[in-house]
Structure formats: structure tokens, C-alpha cells
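Asks: Take a look at this one; I'll ask things after.
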Amino acid sequence: MPSYASLFTGAPAEENSPQPSPAQQYRLLLVDDEPNVLKALQRVFRQENYLVATASNAGEALQLMGQGAFHLVISDYMMPGMTGAEFLKQVKSLYPETIRIMLTGHADTGAVMGAVNEGAVYKFILKPWNDDDLRITVALALEQSDLIKKNRVLQQDNSNKSKEISALSKLAVSNRSQLAIMLNKHGLLNSNQVQELHRLQQKNREPVIKLLLDKGWVEEKDVHRLLRKELLFEEVSLAEFQVDAALAELIPHSFCERQLVVPLKLEGRRMMLAVADPLDAGLMDDLRFTSGLDIDAVLADVASIKAKIVEVYGGKEEINFDELETLVSSTDPYEGIEIVIEDDEENVSLEELLRGTEEPPAIRLVNAVILEAIRLGASDIHIQPRTKSVVVRLRIDGVLVDKIQIPHQLHQSLVSRLKVMSELDISERRRPQDGRLMVKTPLRVVDLRISTLPTINGEKVVMRILDRNAAVHSLAGLGFGPKALQQILNMVDKPQGIILATGPTGSGKTTTLYSLLQHNATPSKNYVTIEDPVEYYLDMAGQVLIKEKIGLTFPVILRSILRQDPDVIMLGEIRDFETAEVAFHAALTGHQVFSTLHTNSAIATISRLLDLGLKPYVISTALQGIIAQRLVRRICEQCREPVAPDAKLISRLGESFRREDLQVFRGKGCPVCNGSGYKGRLGIYEVLLIDEQLSHLIGIGASLLEVSQAAKQGGLSTLIDDARDKVHQGLTTPEEILRVLGPQ
């Protein structure tokens with residue numbers, strides 16, 4: 001099969017590229033209930049060296065696939081009996097490595113996108129198709145499929161070699177550690193425990209410190225305290241060391257992993273080495289012999305050494321066949337991303353700066369950063385200049401993680417490139433700027449909100465990633481408790497009034513609003529949203545984007561929308577009195593309104609509304625309920641384990657956590673969660689349903705203390721109460737609650 005890479009890269013095609021033999025021909029299956037369409041598809045591939053089979057329905061196609069393997073299937077969507085989406089789901093289940101492409105002309109968009117998101121469809125192509133586009137898409141997919149299969153073979157070979165190296169490393173080290181004897185002399189281990197450690201060490205050929213910690217007989221901090229006090233070993237912080245790549249090559253990766261050591265720096269003929277057990281004489285002797293250097297051993301804890309090994313040598317990542325489309329588009333990030341400029345305004349070009357932004361390093365770097373952030377599921381990208389370098393930080397599951405170090409000389413071209421993409425003024429470096437752009441990656445389309453800020457080290461850039469194709473959660477899937485969920489269902493079922501979601505930035509308020517909006521959605525109602533920016537895309541709703549530059553503000557659009565005969569209005573945020581007044585009066589005139597507000601609790605929301613200038617009787621009449629919320633990291637289900645509660649930590653979380661039967665869990669760390677112990681996030685909620693008593697108190701202008709007491713008498717469950725329940729259920733940890741809610 002000819003390579004089509006030259007069509008995209010501009011590189012000359014190889015003239016004498018080998019053609020596949022008949023034994024290597026690709027088998028294609030075309031499925032459509034219209035004979036004319038099948039003939040047209042066959043004509044597309046007539047000149048290609050493919051073996052093409054056809055079927056008029058899904059049942060016939062599955063029968064053909066049972067008789068022999070096919071490399072690629074192209075299926076229509078609308079077919080009698082079984083739709084294309086259902087058929088391709090079965091193909092994925094039965095033949096997961098078969099590439100699946102869907103043709104659709106008038107299909108249900110939601111069903112098609114659902115098939116794409118579930119991985120049943122590699123790509124869907126609209127009818128009428130372009131012959132050249134279809135031909136090239138199929139060729140690239142088949143070519144990349146072969147590369148992935150070859151890569152899997154190489155990965156297996158590497159895995160086998162790693163096992164051999166690991167086996168050799170067992171023989172290479174004698175593990176003559178005196179640690180167990182020393183702990184026995186100081187009363188931390190008894191004689192039976194020392195003998196058991198010796199037996200296990202001889203059997204497993206593993207370091208004594210690892211066996212000791214696995215058994216849990218002694219705390220690592222107690223071992224370190226003894227080594228510092230009795231033998232004056234120096235303990236270091238590994239985060240402060242930048243390890244040179246040439247130094248890392250002196251000691252094999254598998255050796256470091258097994259013996260819990262990592263090289264730090266080299267001075268002359270002396271190498272500083274971080275070790276978990278500095279009393280292992282056999283390890284030190286073998287390292288001196290292997291490296292030909294003198295060893296200065298310094299002390300570090302096991303977790304820090306493992307983290308440093310990953311940082312120095314890199315982690316092991318597998319290619320996921322389900323994300324074939326990401327790999328097919330390009331091996332070079334420069335070619336794998338398309339910037340979509342939404343506005344048609346012309347930019348004033350500044351030739352020097354623009355020339356710098358078009359240099360391939362800046363373009364490739366920006367695209368690589370964005371693609372990596374999207375791949376890892378980050379919500380924000382921070383490009384932060386520091387004294388010695390520029391660091392790219394990603395916010396994953398609500399926590400910032402340093403990912404990439406960039407030389408300072410690339411910083412200005414990087415920032416200029418981002419400004420050009422988002423149509424900001426690249427000559428203005430002294431004042432903050434805000435912009436937005438749409439990015440089309442091979443896997444999905446995302447919106448980026450960009451903010452620049454001048455700092456003493458240069459301009460800092462923060463980008464918020466908004467995935468427009470993300471699925472909207474059901475109310476039951478958001479993590480509400482049974483009582484809170486019933487209260488929310490009662491609120492949503494009322495035909496008018498306003499429901500507010502409150503919390504700080506990034507606490508999942510918009511996600512909650514969309515779940516409220518979609519609950520019991522029906523074609524008989526008119527749904528309208530006003531947002532800045534649009535975070536989810538819903539076909540059933542008319543979605544309006546705020547553009548303050550041209551006067552499209554929240555209150556202006558809200559007044560216009562009220563003349564559009566809406567039934568349900570979703571307002572992205574209440575920021576000022578004008579917006580609040582129009583929103584509450586819309587709720588009073590028979591509309592159902594959902595919106596957000598930045599407050600710390602449900603009760604504090606009432607105070608904030610009064611502070612904005614709303615009259616108490618307006619609030620009491622229109623307000624149906626308030627949902628205060630936060631997002632916390634979820635414990636990884638693959639490595640979750642029960643632990644004893646930390647009394648000091650529990651006491652800092654207040655009275656709600658002081659219960660004798662409280663269960664506490666943690667994530668031990670595994671490949672699924674990349675060793676963090678957390679995977680994904682969940683919400684903790686405080687739901688305040690405005691009943692007659694609360695409505696009366698708000699209307700007569702009662703104090704917040706009276707409103708709060710009445711709410712608690714009515715059974716209000718606070719954020720900290722919901723957090724305690726989710727800790728007890730093993731969904732999150734007390735440490736995470738303290739990070740998000742603080743001491744109580």
C-alpha cells in the first residue's frame with residue numbers, strides 16, 4: 001500500500017516503495033442496505049490493492065466476518081434490523097482490532113457521537129463523502145494499524161528483556177545488610193523477626209528494607225531517626241536534585257527499581273547515591289565495582305526514591321488501540337492539531353513577532369503541550385516562567401502537577417504563538433489579556449480560555465480546557481446522597497423558580513447545572529442557556545455565548561431571551577445586581593431558572609443575594625433551592641485499602657468526624673492511578689431546600705443566624721457532613737477533605 005504521509009508533511013514520496021504481496025492484502029468489508037451506495041464505495045477502492053467484500057445488512061456482515069478476518073469495516077448507520085452503531089459495537093466486542101468507520105447522512109447525532117465516545121467507531125464520515133478523503137482516511141488507518149501491531153511486538157520484546165535484566169540484578173547483589181541486626185540491638189526487632197527477614201531475603205533476593213516495610217514491623221521514619229542519630233547518615237530531599245542523563249546511564253533502570261537506589265550527582269570520582277538502606281555492604285561493593293566510582297550514600301525514604309526513579313528514567317506507557325485516531329493523524333504534534341479561529345476580524349500583523357511565532361519549535365511545542373494536557377484529562381494548563389526555566393504545569397483531578405521544563409529562550413516565542421492563536425495583542429506584554437480559541441485535535445474538539453499575566457520572570461499563561469463533547473452526567477451519577485437527591489428532584493420538578501449552584505471556581509457548578517437542565521428534558525419545552533464560555537454542547541438547547549466586546553452581556557441577552565418564549569433558562573453566572581434582578585424576576589414570571597453564584601455555603605448565598613441589592617421578598621418568593629458543592633479526588637478503586645484513622649487529622653476536621661465507627665481508606669498507589677492513590681473526582685454537597693418556614697424568615701428579613709438554625713432544625717446536611725459520609729464509604733480520604741474544606 002502506498003504511504004500517504006507525503007500528502008500532509010510535504011516530504012517527497014519514496015519512488016520505489018515496495019508493494020504488498022497478495023498474502024499481505026488488506027480485507028475490507030462494506031455494509032449498506034442500498035446497492036447503489038455499495039457500488040459507489042467499491043468504485044472508490046477499485047484502484048487500491050484491497051480485497052473488498054460487501055453485505056446488505058448487519059447480520060450478513062457478521063456472518064462474513066465469522067468466516068474470515070477483516071482489517072477494516074465501513075458501515076452505514078440507518079439499516080433495517082440493526083443500526084450501524086449497534087453493529088459496530090458488536091464488531092468491537094468480537095473483533096477489537098478491526099478498524100470501524102461509520103457513514104451517516106441523516107442519523108441521530110447523539111447516537112453517532114455516543115458510538116464514537118464508547119470507542120465503537122474510529123471515525124464517522126458524512127454522506128455524500130469525498131472519494132479522495134475516504135480513500136486517504138482508510139489508507140492512513142490501515143498503515144497506522146500495522147505500526148501499532150509492530151509496536152506491540154517490540155513492547156513484548158522489551159518486557160521480556162526487562163525480566164531478564166531483573167533476574168540478573170537478583171544475582172548481582174548479595175544484600176549483606178546489617179540493618180536488621182542494628183534494629184534488633186536497639187529493641188525495634190526481636191530475634192524471630194530477624195531470622196524471618198534473613199529467610200525471606202535468601203528466598204526472594206530482595207532488599208531487607210523492602211521486606212521490613214512490607215511486613216510493617218517498623219515505621220520507616222523510626223529507621224531513619226536511628227540511622228541519623230547513631231551513624232550520622234545525612235538525609236536529603238530528592239526534589240532539590242536535577243540528575244544528569246549521562247549519570248543515570250551508569251546504573252541500569254531495573255537495578256535502581258529493585259535495589260531502591262538512585263544516582264544524584266557526580267563530583268570527580270565520587271558519586272552521590274540516594275539509598276533506602278545505607279547499611280547494605282554488598283550493595284555498596286557491587287555498585288563501586290559496576291560504576292568504577294567511589295560511593296557517597298545519603299538517606300532517602302522509599303516513596304521519594306521511587307518517584308525520583310520515574311522522573312529520571314521515565315515511566316512505562318502502553319499504546320492504547322482504542323485511541324487509534326489520535327495516533328493515525330500524526331506522529332508529529334505539529335501535524336496533529338488544527339486551530340479554529342471563530343471570529344472574522346483581521347489582525348494587525350507585526351512582522352518580526354509573527355516570524356518568530358511561525359518557527360517550528362514554537363508551533364510544535366504549543367501543540368505538544370495542548371495534546372498532552374488533553375490526553376491526560378487536565379482541566380487547566382499553566383505556563384509559568386521561573387528564575388531558571390519555564391515550567392508547564394497541568395491541573396489533573398484538581399491538583400497541579402509539574403510536567404515539562406522549557407528553556408527560557410523558548411518562552412517568548414511560546415507565549416507569542418499562543419497569543420496569535422487566540423487573537424491577542426502580541427506586542428502588549430505589560431498588561432493582562434484574555435482570549436479564547438477552539439482546538440480540533442484528532443480525538444475531539446475542545447475550547448481553550450486563555451489568560452496572560454505579566455510577572456517579574458515574564459508572562460505567565462493559564463489555559464482552561466473545556467471539552468465540548470463531554471457527556472452530561474445524570475443527577476443520580478453526580479454523587480448526591482439519597483436525601484439530597486430527593487430534595488433536588490423536588491426542586492427540579494417545580495415549573496418555575498430559581499435554583500442556584502454555589503461554590504468556588506472549579507467546583508463543578510456548571511456540570512451540576514447541565515444535569516439539572518437535562519433531567520426530564522422534553523421536546524415540548526424551550527431551553528435556552530447563556531454562558532461565558534459554553535462548556536457543554538446540547539442540541540436541544542439554544543446556547544448563547546457572551547461577548548462583552550460587542551455589548552453582549554448577561555443582562556442584555558437575558559432580557560432578549562425573555563422575549564424568545566423560554567420555559568427553562570440556564571444562566572452561567574450571576575455577577576451583579578442587574579443580572580440578579582432580571583434572573584429573579586424571570587423566575588417570578590413563570591420561568592424555571594438555573595444559575596451559579598460564588599459563595600462558600602448554602603446559607604451564605606442568601607447573604608450574597610441581599611448584598612447584591614435584591615429585596616428579601618423577591619428572594620423568598622423566587623428561590624426554590626441552593627446546592628453548595630466542592631470537588632474532591634476519588635480513591636482509586638484498584639488499590640483502595642482500609643487504614644487506621646489519624647487521630648490528629650480527624651480532630652482538625654471537627655465534630656462531624658468524631659465518631660467511633662468511622663472507616664478510613666486510602667489508595668496504596670498502582671499503575672492505574674500512576675501511583676497517586678486517586679483516580680477521578682466526585683462532588684460533596686450541601687442542599688438547602690427552601691420550604692415555607694425558610695421562605696417566611698427570608699421574606700421578613702430575619703438574621704442569617706435564625707435562617708441557619710431553622711435550616712438545621714429542618715435537617716440540613718452540611719458540606720462537612722456529606723464529606724464524612726463519603727470518607728466512611730471509602731470514596732475519598734480525610735487528607736483530601738482537609739485540602740478542600742480546611743480545618744473545621
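The values are calculated or read from the model by the stated rules, or taken from the named source; none is laboratory data. These numbers were taken from a predicted model, which means no experiment stands behind them. Quick reminder, even Gly has a Cβ in these numbers, built from the backbone with ideal geometry, and neighbours come from all protein chains shown. The protein model used for the area step is the full one, side chains on, heavy atoms only, and it has no ligands, DNA or RNA in it. Shrake-Rupley method; radii C 1.70, N 1.55, O 1.52, S 1.80 Å.
Asks: Using the structure shown, decide if Gly699 is more than 18 Å from Gly508 (Cβ to Cβ), touching a residue at least 24 places away in the same chain (Cβ under 8 Å) and crowded, with 19+ Cβ neighbours inside 10 Å.
Replies: Details: more than 18 Å from Gly508 (Cβ to Cβ): yes; touching a residue at least 24 places away in the same chain (Cβ under 8 Å): yes; crowded, with 19+ Cβ neighbours inside 10 Å: no.
Judged against the criteria, Gly699 is not a match.
Asks: Do we find a residue being among the small types (Gly, Ala, Ser) and under 30 Å from Arg633 (Cβ atoms) anywhere in the stretch 397-414? Can you show your working first?
Replies: Residues of the stretch 397-414 among the small types (Gly, Ala, Ser): 398, 413.
If we keep only those that are under 30 Å from Arg633 (Cβ atoms) as well, we get 398.
Yes, the stretch 397-414 contains at least one residue that is among the small types (Gly, Ala, Ser) and under 30 Å from Arg633 (Cβ atoms).
Asks: Right, another one. Among all residue pairs at least 6 apart or on different chains, which show Cβ distances below 7 Å where the first residue, located in the stretch 411-425, is open to solvent by less than 20 Å² (accessible area, probe 1.4 Å) and the second is in a helix (DSSP H, G or I) and not hydrophobic (A, V, I, L, M, F, W, C)?
Replies: What qualifies is Ser416/Gly356; Ser416/Thr357.
Asks: Can you name the residue in the stretch 367-378 that is of a type in the set (Gly, Ala, Ser) and open to solvent by 30 Å² or more (accessible area, probe 1.4 Å) and, of all such residues, is modelled with the lowest pLDDT?
Replies: Once the filter is applied, the top-ranked residue is Ala368.
Asks: Looking at Pro533, Pro504 in this structure, which one is within 26 Å of Pro616 (Cα to Cα) and within 26 Å of the chain's Cα centre (by Cα)? Let's see the steps before the verdict.
Replies: On the way: Pro533 fails: within 26 Å of Pro616 (Cα to Cα).
After ruling out the rest, the residue left standing is Pro504.
Asks: If Ile606 meets every condition in (1) under 13 Å from Leu513 (Cβ atoms); (2) surrounded by 22 or more Cβ atoms within 10 Å (Cβ to Cβ) apart from one, which number is that one?
Replies: (1)
Asks: Return a yes/no flag: does the stretch 259-271 have any residue that is of a type in the set (S, T, N, Q) and either in contact (Cβ under 8 Å) with a residue 40 or more places away in the chain or surrounded by 13 or more Cβ atoms within 10 Å (Cβ to Cβ) (or both). Break it down into steps so the answer makes sense when it comes.
Replies: Residues of the stretch 259-271 that are of a type in the set (S, T, N, Q), as a first pass: 259.
Now drop any that are not either in contact (Cβ under 8 Å) with a residue 40 or more places away in the chain or surrounded by 13 or more Cβ atoms within 10 Å (Cβ to Cβ) (or both), which leaves 259.
Yes, that holds for at least one residue.
Asks: Separate question: Could you grab me the full set of residues in the stretch 210-237 that are without any contact (Cβ under 8 Å) to a residue 60 or more places away in the chain, under 35 Å from the mean Cα position of the chain (by Cα) and buried (at least 18 other Cβ atoms within 10 Å of the Cβ)?
Replies: Leu211
Asks: Output the residue which, of all residues in the stretch 528-547 that are open to solvent by 10 Å² or more (accessible area, probe 1.4 Å) and assigned to a strand (DSSP E or B), is modelled with the lowest pLDDT.
Replies: The qualifying residue modelled with the lowest pLDDT is Lys547.
Asks: Among (1) open to solvent by less than 20 Å² (accessible area, probe 1.4 Å); (2) among the hydrophobic types (A, V, I, L, M, F, W, C); (3) farther than 30 Å from Glu736 by Cα, there is one condition Val391 misses while meeting the rest; what is its number?
Replies: Unmet for Val391, out of (1) open to solvent by less than 20 Å² (accessible area, probe 1.4 Å); (2) among the hydrophobic types (A, V, I, L, M, F, W, C); (3) farther than 30 Å from Glu736 by Cα: (3).
Asks: Please specify each residue of the stretch 19-35 satisfying the condition of being part of a helix (DSSP H, G or I) and either open to solvent by less than 20 Å² (accessible area, probe 1.4 Å) or at pLDDT 85 or above (or both).
Replies: If we filter the stretch 19-35 for residues that are part of a helix (DSSP H, G or I), which is where we start, we get 22-24, 35.
Within the stretch 19-35, just Pro35 meets the criteria.
Asks: Checking Arg634 against (1) more than 30 Å from Gln713 (Cβ to Cβ); (2) open to solvent by less than 60 Å² (accessible area, probe 1.4 Å); (3) part of a strand (DSSP E or B): exactly one of these is not met. Which one?
Replies: (2)
Asks: Give the residue, chosen from Ile574, Ile561, that is β-branched (Val, Ile, Thr) and either touching a residue at least 40 places away in the same chain (Cβ under 8 Å) or farther than 14 Å from Asn526 by Cα (or both).
Replies: Just a single option satisfies the conditions, and that option is Ile574.
Asks: Determine which member of the set Asn192, Asn175 is of a type in the set (S, T, N, Q) and either modelled with pLDDT of 80 or more or surrounded by 13 or more Cβ atoms within 10 Å (Cβ to Cβ) (or both). Talk me through it step by step, then tell me what you get.
Replies: Numbers: Asn192 fails: either modelled with pLDDT of 80 or more or surrounded by 13 or more Cβ atoms within 10 Å (Cβ to Cβ) (or both).
None of the other options fit; the residue is Asn175.
Asks: Exactly one condition in (1) surrounded by 19 or more Cβ atoms within 10 Å (Cβ to Cβ); (2) at negative phi is false for Gly398; which is it?
Replies: So the condition that Gly398 fails would be (2).
Asks: Quick check on this structure: which one of Val446, Val461, Val472 is in a strand (DSSP E or B) and at pLDDT below 85?
Replies: On the way: Val461 fails: at pLDDT below 85; Val472 fails: in a strand (DSSP E or B).
It is Val446.
Asks: Then there's this: Could you check how many residues of the stretch 670-688 are open to solvent by 40 Å² or more (accessible area, probe 1.4 Å) and among the charged types (D, E, K, R)? Reasoning before the result, please.
Replies: Here is the first cut: in the stretch 670-688, the ones open to solvent by 40 Å² or more (accessible area, probe 1.4 Å) are 671-672, 674-676, 679, 681.
So of that shortlist, the ones also among the charged types (D, E, K, R) come out as 679, 681.
Count: 2.
Asks: Ok, one more. Can you find a residue that is among the charged types (D, E, K, R) and either over 22 Å from the mean Cα position of the chain (by Cα) or farther than 22 Å from Glu531 by Cα (or both) anywhere in the stretch 435-457? It would help to see each step written out before you state the result.
Replies: Taking the stretch 435-457 first, the residues among the charged types (D, E, K, R) are 436, 440, 444, 447, 449.
Applying the additional criterion that residues be either over 22 Å from the mean Cα position of the chain (by Cα) or farther than 22 Å from Glu531 by Cα (or both) yields none.
Among the residues of the stretch 435-457, not one is among the charged types (D, E, K, R) and either over 22 Å from the mean Cα position of the chain (by Cα) or farther than 22 Å from Glu531 by Cα (or both), which makes the answer no.
Asks: Let me ask another. Scan the stretch 392-441 for residues that are part of a loop (DSSP other than H, G, I, E, B) and closer than 20 Å to Ala362 by Cα and jot them down. Please lay out each step first, then the result.
Replies: In the first step, residues of the stretch 392-441 are kept if they are part of a loop (DSSP other than H, G, I, E, B); the result is 397-398, 407, 422-432, 441.
If the condition is that a residue be part of a loop (DSSP other than H, G, I, E, B) and closer than 20 Å to Ala362 by Cα, then Pro407, Ser422, Glu423, Leu424, Asp425, Ile426, Ser427, Glu428, Arg429, Thr441 are the ones that fit.
Asks: For the stretch 259-300, what are the residues that are touching a helix residue (DSSP H, G or I) at 6+ places or on another chain (Cβ under 6 Å), at pLDDT below 85 and under 16 Å from Phe241 (Cα atoms)?
Replies: If the condition is that a residue be touching a helix residue (DSSP H, G or I) at 6+ places or on another chain (Cβ under 6 Å), at pLDDT below 85 and under 16 Å from Phe241 (Cα atoms), then Leu266 is the only one that fits.
Asks: Tell me the residue from Leu500, Leu513, Leu517 that is crowded, with 18+ Cβ neighbours inside 10 Å and part of a strand (DSSP E or B), please.
Replies: Numbers: Leu513 fails: part of a strand (DSSP E or B); Leu517 fails: part of a strand (DSSP E or B).
Just a single option satisfies the conditions, and that option is Leu500.
Asks: What number of residues within the stretch 703-725 are in contact with a helix residue (DSSP H, G or I) (Cβ under 8 Å, 6 or more places away or on another chain), assigned to a helix (DSSP H, G or I) and open to solvent by less than 60 Å² (accessible area, probe 1.4 Å)? Steps first, please.
Replies: Going residue by residue through the stretch 703-725, those that are in contact with a helix residue (DSSP H, G or I) (Cβ under 8 Å, 6 or more places away or on another chain) are 704, 706-708, 710-711, 714-724.
Then keep just the ones that are assigned to a helix (DSSP H, G or I); that gives 704, 706-708, 710-711, 719-724.
Then drop every residue that is not open to solvent by less than 60 Å² (accessible area, probe 1.4 Å), which leaves 707-708, 710-711, 719-724.
Result for the stretch 703-725: 10.
Asks: Taking the stated definitions as given, is Pro523 touching a residue at least 12 places away in the same chain (Cβ under 8 Å), under 34 Å from the mean Cα position of the chain (by Cα) and farther than 21 Å from Leu610 by Cα?
Replies: On the way: touching a residue at least 12 places away in the same chain (Cβ under 8 Å): yes; under 34 Å from the mean Cα position of the chain (by Cα): yes; farther than 21 Å from Leu610 by Cα: yes.
Taking the combined requirement at face value, the residue satisfies it.
Asks: Does any residue of the stretch 563-573 turn out to be open to solvent by 40 Å² or more (accessible area, probe 1.4 Å), within 27 Å of Ile450 (Cβ to Cβ) and touching a His at 6+ places or on another chain (Cβ under 9 Å)? Give the steps one after another, and end with the answer.
Replies: So the first thing to find is which residues in the stretch 563-573 are open to solvent by 40 Å² or more (accessible area, probe 1.4 Å), and the list is 563-565, 567, 573.
Okay, now just the ones that are also within 27 Å of Ile450 (Cβ to Cβ), so 573.
After this cut, where a residue has to be touching a His at 6+ places or on another chain (Cβ under 9 Å) as well, the list is 573.
Taking every residue of the stretch 563-573 in turn, at least one turns out to be open to solvent by 40 Å² or more (accessible area, probe 1.4 Å), within 27 Å of Ile450 (Cβ to Cβ) and touching a His at 6+ places or on another chain (Cβ under 9 Å).
Table: residues versus (1) open to solvent by less than 10 Å² (accessible area, probe 1.4 Å); (2) under 21 Å from Ala378 (Cβ atoms).
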| site | (1), (2) |
| --- | --- |
| Val472 | no, yes |
| Phe480 | no, no |
| Ser507 | yes, yes |
| Pro523 | no, no |
